[in-house]
Amino acid sequence: VTHHINQCVQDNINARKTAIKQLENEERRAKKEAKEEAAKVEMAARERLAKDARDEFVSKKKREIIRKNKYTGEFTNDHLESLTEDDIASFDEETTAEFDVLPEPKQFSKNEVRTMISKINDEAAFNTTELEALTLEEIENRENNTLIEMEEELAGYGNPETVYSRDISAKIDSLKRQIHNFKEWQESLPASRAEAVEALKDAIEDGTIKPLRTAIRIAKLSLLSGDDEETGGKWTLDLLRDAALELKHAEKRKRVTEAQKELIAKRNKCFVRTAVVGKDRAYNKYWHFEHEHDIGGGVWYDANFQILSEGDENIDDA
């Protein structure tokens, strides 16, 4: 009996140790992937900083060349427009010297890199190459300016009684409808946007996938994000950006959790007893102790000895 109990406990201990080892391996793998991803994003941020520095330099030099050419007339406009980065970098000795000392990816500070990483993560969350985060007040100001521009365009057609061609009349009618619709949803949006903002705050605090997805969908329906025609990217409410980033983190946490879920269940199933395992027919109690020096502990039993004191018929159990 003792051998059978000891074998059962030992098998359980071995299974638990195997499960713990597998779980530790999975945790190390997840940490390694996260570290590799962070290094990849950091390199991308440094390369983008270097590219932005080159682009800014080239743009600045091109403007200088065009400005000087107005007086010299050395180049045609077509030639100036066709100048590439390499052309400008080798335009003259001074420009070449300045271009050669532009910062390399490894030369940017940690603060500059962190700022760019944040920008890259923001853009990735919205699947765009350019993202502008705005406050609700800034969004409303943009919309008011858009309405003013449409009304000014309509006023530019002059007297409403004037007879225009069919194409112009159709354009005027379309503009009037746009203005009317714009004013209507400007009246209805504040209430839905207030609800969307509250939903975003609650979802961010909750931090789980389903509430975040629901809140983001409601916010988009409330026109709290959209395409930016000027940059070719997108604009969004700053709180919506935060929710989108939190969703990315929640999805990443879920992938790691799902990968470890089965291993955790396996580990928990193979629990180690610290209470009495049982008794044999002689009423000897069997125990397993985790703190034994032997790896995994050991199985011990205490025998039910009967001690009779001299001159005393009472029996004490020890």
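Quick rundown of the values:
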{"read-out": "Test: residue 111 is closer than 30 Å to residue 277 by Cα and of a type outside the set (Phe, Trp, Tyr)", "value": "no"}
{"read-out": "Hey, residue 148 more than 30 Å from residue 255 (Cα to Cα) and surrounded by fewer than 12 Cβ atoms within 10 Å (Cβ to Cβ) or not", "value": "yes"}
{"read-out": "Region 166-208, residues that are touching a helix residue (DSSP H, G or I) at 6+ places or on another chain (Cβ under 8 Å), polar (S, T, N, Q) and either free of Cβ contacts under 8 Å to residues at least 12 places away in the same chain or under 21 Å from residue 147 (Cβ atoms) (or both)", "value": "178, 186, 192"}
{"read-out": "Candidate set from region 75-87 (those that are in a helix (DSSP H, G or I) and either touching a helix residue (DSSP H, G or I) at 6+ places or on another chain (Cβ under 6 Å) or under 25 Å from residue 117 (Cβ atoms) (or both)); member that is modelled with the highest pLDDT", "value": "85"}
{"read-out": "Every residue from region 199-215 that is modelled with pLDDT of 95 or more and among the polar types (S, T, N, Q)", "value": "214"}
{"read-out": "Those residues of region 202-221 which are crowded, with 21+ Cβ neighbours inside 10 Å and among the small types (Gly, Ala, Ser), in sequence order", "value": "203, 215, 219"}
{"read-out": "Sole residue being outside any helix (DSSP H, G or I) and either more than 30 Å from residue 250 (Cα to Cα) or of a type in the set (Asp, Glu) (or both), chosen from 102, 154", "value": "102"}
{"read-out": "Meets criteria (over 30 Å from residue 256 (Cβ atoms), open to solvent by less than 60 Å² (accessible area, probe 1.4 Å) and of a type in the set (A, V, I, L, M, F, W, C)) for residue 58", "value": "yes"}
{"read-out": "Tabulated pairs, region 257-281, first more than 29 Å from residue 208 (Cβ to Cβ) and polar (S, T, N, Q), second surrounded by 13 or more Cβ atoms within 10 Å (Cβ to Cβ) and modelled with pLDDT of 75 or more, C-beta under 9 angstrom, 6+ apart or interchain", "value": "none"}
{"read-out": "Residues being small (Gly, Ala, Ser), part of a helix (DSSP H, G or I) and over 20 Å from residue 97 (Cβ atoms) - total across region 28-74", "value": "6"}
{"read-out": "Only listed residue being open to solvent by less than 40 Å² (accessible area, probe 1.4 Å) and modelled with pLDDT of 85 or more, chosen from 238, 228, 280, 242", "value": "228"}
{"read-out": "All positions within region 18-36 that are open to solvent by less than 90 Å² (accessible area, probe 1.4 Å) and not polar (S, T, N, Q)", "value": "19, 20, 23, 24, 26, 27, 30, 34"}
{"read-out": "Matching option when the condition is open to solvent by 70 Å² or more (accessible area, probe 1.4 Å), under 30 Å from residue 52 (Cβ atoms) and assigned to a helix (DSSP H, G or I), among 187, 132, 137", "value": "137"}
{"read-out": "Candidates 110, 51, 106, 70, filtered to the one that is surrounded by 11 or more Cβ atoms within 10 Å (Cβ to Cβ) and either without any contact (Cβ under 8 Å) to a residue 60 or more places away in the chain or under 30 Å from residue 125 (Cβ atoms) (or both)", "value": "51"}
{"read-out": "Scan of region 196-232 for residues that are among the small types (Gly, Ala, Ser) and either in a loop (DSSP other than H, G, I, E, B) or under 12 Å from residue 243 (Cα atoms) (or both), ordered by number", "value": "196, 199, 203, 207, 215, 219, 222, 232"}
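The values are calculated or read from the model by the stated rules, or taken from the named source; none is laboratory data. All of these numbers come straight from a predicted model, not from anything done at the bench. Cβ atoms come from the backbone with ideal geometry, glycine included; neighbour counts cover every protein chain shown. Each accessible area value is taken on the protein alone, full model and side chains, heavy atoms only, with ligands, DNA and RNA left out. Shrake-Rupley method; radii C 1.70, N 1.55, O 1.52, S 1.80 Å.
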